[in-house]
Amino acid sequence: METFFELEFEIVQVLAVVLIVAMAVRRVRLPYTVALVGAGLVLAVRGGMHLELTPGLVLGLFVPPLIFEAAFHLQLKDLKADLAPIVAMAVPGVLLSTGIIAGVLVLAGVLPLPAALIFGALISATDPVAVVATFRSVGAPKRLLTLVEGESLFNDGTAVVIFHIMVVLALEGTLNPVEGLVEFLRVSVGGLIIGGVLGYAVAKLIEQIDDYLIEVTLTTILAYGSYILAEHYHFSGVLAVVLAGLVNGNIGPRGMTPSTKIVLFTVWEYIAFLANSFIFILLGISVEWEQLLKFLVPSLIAVGAVLGGRFLVVYALAGVVRLFRQKLPSRYLLVMSWGGLRGAISLALVLSLPAAIDNRPQLLAMTFAVVLFTILVQAVSISGLLSWLGLTQGSKQPIEYERIQGQLLAIRSANSYLDRLYREGALIPTAYSTVKAELSAREDQVSGQIEELLASQPDLRDQIVSLARIEALRAERTALDELAREGILSEETLLELQTELDEAIYEGGAQNQHA
């Protein structure tokens with residue numbers, strides 16, 4: 001019983017640190033996850049904490065809700081629009097990255113080939129948590145956000161599968177390429193099937209229920225259940241959770257009331273917040289400085305290999321996806337290369353290595369070094385890179401405008417919901433007409449407040465018009481992609497028109513940035 005209370009006390013301590021860090025980062029321009037790692041490093045120096053990262057804790061407890069929450073919010077239409085580059089980065093990209101990193105380490109004399117392949121596989125899984133949070137805070141383009149987040153969701157599963165194949169190679173000393181490919185397909189497809197079936201089944205069940213407590217419980221069971229079931233049958237639990245979240249998130253909310261959606265999204269946002277917080281705090285606590293110093297040179301070479309490999313893979317595959325009539329702007333490629341952070345999956349995989357694996361202590365030190373570098377250096381600098389490239393929305397809109405605009409959007413959403421209820425016969429005409437009139441009056445009042453504010457602030461009006469113009473240009477670009485897929489535009493014409501639009505978008509963003 002005493003041990004239980006000690007564990008409970010340490011968890012409360014971690015939560016207290018999370019609270020303090022969350023409040024502090026509101027006042028300083030520092031990514032939340034970076035601050036958490038720093039807090040973990042301080043706790044490690046202070047000592048007295050017995051909590052530590054274990055593969056079971058990361059993969060079994062923290063990863064399923066993190067992946068599910070991210071996939072749940074990802075729209076299939078956005079994913080479909082850039083499916084070619086996402087799949088290219090998530091499958092052949094991981095294979096290429098594994099080979100490049102392993103090759104550099106072998107040539108540099110850092111590791112023998114089997115151990116180098118293991119490291120290349122486990123370190124190829126990207127973790128965009130800190131990067132995505134920064135993207136949202138500075139208003140980065142939605143397409144760039146989808147590319148980074150979509151790649152991360154799917155390359156996690158690919159990296160895990162390749163990692164296990166490489167471990168078998170290291171232990172048994174043989175690898176049949178055909179058997180390896182068959183095993184990869186079996187594990188991946190099996191996980192996707194389980195996730196897709198369970199996600200669809202739970203989505204259909206949610207359509208029949210109008211109780212947010214039950215619906216939250218169902219999605220929680222789905223997140224953990226899809227992972228456990230897939231792993232039980234030796235399939236990819238990570239890919240099962242990805243597809244379960246995607247399918248459920250795009251079908252399930254259709255039948256939910258607005259209140260249920262708010263509760264569901266809030267609960268999952270909180271669960272993901274807790275999972276991320278514990279992972280990055282425990283990362284800082286678990287760093288073994290003696291091992292890092294002992295393997296300092298190999299670790300620095302590993303950091304260079306991972307960075308170089310990432311740039312090579314991103315730019316090489318960008319040329320390949322042109323064959324699918326999809327062009328990635330050069331600024332996106334630079335952000336995707338520098339924003340390829342490593343995190344929870346890589347740590348969980350290296351911690352799960354059997355003791356019989358040669359060079360295990362060195363692999364641990366190198367992985368921690370790469371993860372720390374990507375979080376403490378790349379995550380901190382990504383905001384400045386976005387700003388330098390003109391990929392932010394510029395100065396934030398005044399709080400008063402945001403408040404009024406939020407009111408207007410909420411009223412219009414309520415109007416649409418009221419119309420739907422009336423069409424479905426859920427409201428009597430008297431109730432509908434009365435509330436409709438009240439909403440219309442409020443909408444006119446709020447619209448008037450916006451016009452008064454914009455009239456008093458011409459610069460704000462110009463900024464909003466500029467942003468609207470950029471969004472219209474992006475819509476034109478999306479339409480060009482659709483026309484090319486339908487065969488209406490040739491590849492040469494598509495690239496020419498896309499280049500013109502990209503230049504217009506860049507100029508508009510740069511003007512807005514310096515407005």
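The values are calculated or read from the model by the stated rules, or taken from the named source; none is laboratory data. Just so we're clear, the structure is a prediction, and the values are computed from it rather than from any experiment. Cβ placement follows ideal geometry from the backbone for every residue including glycine, while neighbour counts extend to all protein chains displayed. These area figures cover heavy atoms from the full protein model, side chains too; ligands, DNA and RNA do not enter into them. Shrake-Rupley method; radii C 1.70, N 1.55, O 1.52, S 1.80 Å.
Results, tabulated for the structure shown:
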{"quantity": "Single residue of LYS294, LYS327 found to be closer than 30 Å to ALA44 by Cβ and basic (Lys, Arg)", "calculated": "LYS294"}
{"quantity": "Among (1) at pLDDT 85 or above; (2) hydroxyl-bearing (Ser, Thr, Tyr); (3) open to solvent by 10 Å² or more (accessible area, probe 1.4 Å); (4) over 18 Å from the mean Cα position of the chain (by Cα) - the single one THR367 does not satisfy", "calculated": "(3)"}
{"quantity": "Of all residues in the stretch 288-300 being open to solvent by 60 Å² or more (accessible area, probe 1.4 Å) and in a helix (DSSP H, G or I), the one that is nearest to SER124 (Cα to Cα)", "calculated": "LEU300"}
{"quantity": "Every residue from the stretch 450-461 that is more than 33 Å from the chain's Cα centre (by Cα) and either open to solvent by less than 40 Å² (accessible area, probe 1.4 Å) or under 12 Å from GLN326 (Cα atoms) (or both)", "calculated": "ILE450, LEU453, LEU454"}
{"quantity": "Breaking point among (1) of a type in the set (Gly, Ala, Ser); (2) modelled with pLDDT under 75; (3) open to solvent by less than 40 Å² (accessible area, probe 1.4 Å), for ALA431", "calculated": "(2)"}
{"quantity": "Cβ-Cβ under 6 Å pairs, at least 6 apart or on other chains, the stretch 164-191 side aromatic (Phe, Trp, Tyr), far side at pLDDT 85 or above and buried (at least 17 other Cβ atoms within 10 Å of the Cβ)", "calculated": "PHE184/VAL161"}
{"quantity": "Filtered residues of the stretch 49-105 (kept if of a type in the set (Gly, Ala, Ser), over 21 Å from GLU269 (Cβ atoms) and in contact with a helix residue (DSSP H, G or I) (Cβ under 6 Å, 6 or more places away or on another chain))", "calculated": "ALA84, ALA88, ALA90, GLY93, SER97, ALA102"}
{"quantity": "Qualifying residue in the stretch 219-228 (condition: modelled with pLDDT under 90 and either part of a loop (DSSP other than H, G, I, E, B) or out of contact with any His (no Cβ under 9 Å at 6 or more places or on another chain) (or both))", "calculated": "no"}
{"quantity": "Checklist (1) without any contact (Cβ under 8 Å) to a residue 40 or more places away in the chain; (2) over 30 Å from PHE119 (Cα atoms) applied to TYR417, failing item", "calculated": "(1)"}
{"quantity": "Filtered residues of the stretch 335-373 (kept if small (Gly, Ala, Ser) and outside any loop (DSSP other than H, G, I, E, B))", "calculated": "SER337, ALA344, SER346, ALA348, ALA365, ALA369"}
{"quantity": "Only listed residue being modelled with pLDDT of 90 or more and closer than 20 Å to VAL377 by Cα, chosen from SER137, SER152, SER124, SER97", "calculated": "SER124"}
{"quantity": "Where a residue in the stretch 193-205 is under 14 Å from SER236 (Cβ atoms) and of a type outside the set (A, V, I, L, M, F, W, C) and its partner, wherever it lies, is open to solvent by 20 Å² or more (accessible area, probe 1.4 Å) and assigned to a helix (DSSP H, G or I), with Cβ under 7 Å and at least six apart", "calculated": "GLY195/LEU243; GLY196/LEU243; GLY196/VAL247"}
{"quantity": "Of all residues making up the stretch 112-125, the number that are open to solvent by less than 10 Å² (accessible area, probe 1.4 Å), touching a helix residue (DSSP H, G or I) at 6+ places or on another chain (Cβ under 6 Å) and of a type outside the set (Phe, Trp, Tyr)", "calculated": "8"}
{"quantity": "The stretch 71-89 - residue that is buried (at least 24 other Cβ atoms within 10 Å of the Cβ) and of a type outside the set (Val, Ile, Thr) and, of those, nearest to the chain's Cα centre (by Cα)", "calculated": "ALA71"}
{"quantity": "Any hit, the stretch 310-328, residues being farther than 17 Å from VAL34 by Cα, in contact with an Asp or Glu (Cβ under 7 Å, 6 or more places away or on another chain), open to solvent by 10 Å² or more (accessible area, probe 1.4 Å) and charged (D, E, K, R)", "calculated": "yes"}
{"quantity": "Unique residue being modelled with pLDDT under 85, in contact with a Leu (Cβ under 6 Å, 6 or more places away or on another chain), part of a helix (DSSP H, G or I) and closer than 27 Å to LEU353 by Cα when the list is VAL37, VAL21", "calculated": "VAL37"}
{"quantity": "Complete set of residues in the stretch 396-428 that are surrounded by 16 or more Cβ atoms within 10 Å (Cβ to Cβ) and of a type in the set (Ser, Thr, Tyr)", "calculated": "TYR401, TYR422"}
{"quantity": "Matching entry among TYR212, TYR200 (being among the aromatic types (Phe, Trp, Tyr) and within 25 Å of the chain's Cα centre (by Cα))", "calculated": "TYR200"}
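Residue-by-condition table, conditions (1) at pLDDT 75 or above; (2) surrounded by 18 or more Cβ atoms within 10 Å (Cβ to Cβ); (3) under 27 Å from the mean Cα position of the chain (by Cα):
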residue	(1), (2), (3)
GLN463	no, yes, no
GLU471	no, no, yes
THR478	no, no, yes
GLU491	no, no, no
THR499	no, no, no
GLU507	no, no, no
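Every residue, every condition in (1) in contact (Cβ under 8 Å) with a residue 24 or more places away in the chain; (2) closer than 30 Å to VAL104 by Cβ; (3) in a helix (DSSP H, G or I), yes or no:
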{"residue": "GLY245", "(1), (2), (3)": "yes, no, yes"}
{"residue": "ASN250", "(1), (2), (3)": "yes, no, yes"}
{"residue": "LYS261", "(1), (2), (3)": "no, no, yes"}
{"residue": "THR266", "(1), (2), (3)": "no, no, yes"}
{"residue": "ILE271", "(1), (2), (3)": "yes, no, yes"}
{"residue": "LEU283", "(1), (2), (3)": "yes, yes, yes"}
{"residue": "ALA302", "(1), (2), (3)": "yes, yes, yes"}
{"residue": "GLY308", "(1), (2), (3)": "yes, yes, yes"}
{"residue": "PHE311", "(1), (2), (3)": "yes, yes, yes"}
